[in-house]
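The values are calculated or read from the model by the stated rules, or taken from the named source; none is laboratory data. These numbers were taken from a predicted model, which means no experiment stands behind them. With ideal geometry, Cβ positions are generated from the backbone for all residues, glycine too; neighbour counts draw on all protein chains shown. Surface accessibility is based on the protein's heavy atoms, side chains included, excluding ligands, DNA and RNA. Shrake-Rupley method; radii C 1.70, N 1.55, O 1.52, S 1.80 Å.
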Amino acid sequence: MQGTVRTYDPETRSGSVLLDDGTELPFDSAAFDAGGLRMLRFGQRVNLAAEGGRITVVTLSTFPLPGTGP
């Protein structure tokens, strides 16, 4: 699934994304760290993985999600 960064706090490495249907979903530092990123900015397009209603990975839309690459 994909979304757009709505908020990001570099100190806590957490924030929220907006899905294309307008739903806002929060993510925590574990999801951010799982994507191998250093920072995000408002409006940036991202790939997301979720499990049990919780975002587990946030990474750039140009990067494959872990476990789905070639």
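Couple of notes before you dig in:
- Of the GluC sites (Glu not before Pro) found in segment 1-54, those in coil by DSSP whose Cβ has at most 13 other Cβ atoms within 10 Å are GLU11.
- Local electrostatic count at MET1 - Lys and Arg +1, Asp and Glu -1, tallied over other residues with Cβ under 14 Å: -2
- Percent of Cα pairs exceeding the 18 Å cut-off, where the set is the chain: 25
- Projecting the Cα positions of GLN44, VAL57, PHE27 onto the charge dipole of the chain (unit charges on Cβ atoms of Lys, Arg, Asp and Glu, taken about the Cα centre) puts GLN44 furthest along the positive direction.
- Secondary-structure-derived ellipticity at 222 nm for the chain, considering helices only, amounts to -2000 deg cm²/dmol, per-run term -39500 (n - 2.57) for DSSP H runs with n ≥ 4.
- Rolling a 1.4 Å probe over the protein heavy atoms leaves ASP20 with an accessible area of roughly 120 Å².
- Charge tally for GLY15 (other residues, Cβ to Cβ under 12 Å; Lys, Arg +1; Asp, Glu -1): -1.
- For the set ARG41, ARG6, solvent exposure ranked by accessible area (probe 1.4 Å, protein chains only) runs largest to smallest as ARG41, ARG6.
- Rolling a 1.4 Å probe over the protein heavy atoms gives the chain an accessible area of 62 Å² per residue.
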